[in-house]
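K.L.:
Here it is, the structure, as structure tokens.
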Amino acid sequence: MIISASYRTDIPAFYGDWFMNRLRAGYCKVINPYGGQVSRVSLMRDDVDGFVFWTKNLSPFADHLPEIRERGFPFVVQFGINGYPREFETSVIDPKASVTLLRRTCGTFGTRVCVWRYDTIVVSSLTPVEWHLRNFEALSRELQGATDEVVISFLHPYQKTIRALRQAATDHGLIWRDPAVEEKKDMASRMVAVAGQYGMRLSICAQRQYIVPGASDARCVDAERLSDVAGRAIYSARQGHRKECGCWESRDIGEYDTCPHGCVYCYAVSDPALAKRRLRTHDPQSEFLIQGSET
């Protein structure tokens, strides 16, 4: 089984010590976010084919990566770098630091280890289309040679995301909009050309209506990439986590409403204050990422 850590929260940035404690123990416990059932998830080498880490800040976790590799686990890092204004990402580290971390990680573990994520794309008065294209080109240039893939996605109209964007508009006097399909496809086409110029292919996450020539369906949990990293075949079923998802089957060990990065476009946090409280009360010695079920 491939373990996802985690598309529900940023484990490398905030919960890395907990993860390593559970890895050394050989298991963790996970609460189903929809039904509340508790499951025991094995983290033993014989049961885990590899890890996919999702993060916007690998720095607190970077020193753990050699131990994970020494224990025989291949891993891939889905590394989000947007370089957005603080109005949209209140607590994310400086993009220059992120670029340095990604380049250093790929320099140590190989160019197949890190995938750059430029998502979610939010078009607004602070970040109009041309701003995105300039920003994407600048980041692509900085990441040339460090990674071979960039994943993009456009704003998903989840209720929690819309609420957060409306609050940001009120707080900061900005205007955001959801561009028409053809405008998004034009953006994607222009970004495909930029990515190719800097040695990357562009994939689109769970939004097949925006796939244009030169782009592909994103496989954020990718058994083929993990196989390349591991140097051996890793087999997994194709089983997306949501409609139009191209991922391979995995088990996620994170929990929603636990990431305090403060990204207003985030689908995984409906209550930023709750996320901060949960981080403060987090016990890295617990079997669970978050003990109990505070609401």
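The values are calculated or read from the model by the stated rules, or taken from the named source; none is laboratory data. On a predicted model such as this, the values are computed, not experimentally measured, just so you know. Neighbour counts run over all protein chains shown; Cβ positions are idealised from the backbone, glycine included.
K.L.:
Return yes or no: is Gly196 modelled with pLDDT of 95 or more and within 22 Å of Ala146 (Cα to Cα)? Before you say what the answer is, go through the steps one by one.
P.N.:
Working: modelled with pLDDT of 95 or more: yes; within 22 Å of Ala146 (Cα to Cα): yes.
Judged against the criteria, Gly196 is a match.
K.L.:
Could you list all residues from region 22-50 that are touching a residue at least 24 places away in the same chain (Cβ under 8 Å), within 22 Å of the chain's Cα centre (by Cα) and not in a strand (DSSP E or B)?
P.N.:
Arg22, Leu23, Pro33, Leu43, Val48, Asp49
K.L.:
Check whether at least one residue in region 80-102 is part of a helix (DSSP H, G or I) and either of a type in the set (D, E, K, R) or touching a residue at least 60 places away in the same chain (Cβ under 8 Å) (or both), and report yes or no. Working first, answer last.
P.N.:
Of region 80-102, the ones part of a helix (DSSP H, G or I) are 95-102.
Applying the additional criterion that residues be either of a type in the set (D, E, K, R) or touching a residue at least 60 places away in the same chain (Cβ under 8 Å) (or both) yields 96.
Yes - at least one qualifying residue is present in region 80-102.
K.L.:
Take the residues of region 105-119 that are touching a strand residue (DSSP E or B) at 6+ places or on another chain (Cβ under 8 Å) and of a type in the set (Val, Ile, Thr): which is nearest to Asn135 (Cα to Cα)?
P.N.:
Val115
K.L.:
If you check Ser42 against the conditions, is it in contact with a Lys or Arg (Cβ under 9 Å, 6 or more places away or on another chain) and within 23 Å of Val229 (Cβ to Cβ)? Break it down into steps so the answer makes sense when it comes.
P.N.:
Values: in contact with a Lys or Arg (Cβ under 9 Å, 6 or more places away or on another chain): no; within 23 Å of Val229 (Cβ to Cβ): yes.
Taking the combined requirement at face value, the residue does not satisfy it.
K.L.:
With the condition kept exactly as written, say whether any residue in region 196-205 is within 20 Å of Tyr265 (Cβ to Cβ), of a type in the set (Ser, Thr, Tyr) and surrounded by 15 or more Cβ atoms within 10 Å (Cβ to Cβ).
P.N.:
Taking every residue of region 196-205 in turn, at least one turns out to be within 20 Å of Tyr265 (Cβ to Cβ), of a type in the set (Ser, Thr, Tyr) and surrounded by 15 or more Cβ atoms within 10 Å (Cβ to Cβ).
K.L.:
Return the only residue of Thr281, Thr258 being farther than 18 Å from Val122 by Cβ, out of contact with any Lys or Arg (no Cβ under 6 Å at 6 or more places or on another chain) and hydroxyl-bearing (Ser, Thr, Tyr). Before the answer, list the steps.
P.N.:
On the way: Thr258 fails: out of contact with any Lys or Arg (no Cβ under 6 Å at 6 or more places or on another chain).
Just one listed residue meets the conditions, Thr281.
Okay, residues lined up against (1) in a helix (DSSP H, G or I); (2) out of contact with any Gly (no Cβ under 7 Å at 6 or more places or on another chain); (3) over 12 Å from Met191 (Cα atoms):
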{"site": "Thr108", "(1), (2), (3)": "yes, yes, yes"}
{"site": "Val115", "(1), (2), (3)": "no, yes, yes"}
{"site": "Arg134", "(1), (2), (3)": "yes, yes, no"}
{"site": "Arg141", "(1), (2), (3)": "yes, yes, yes"}
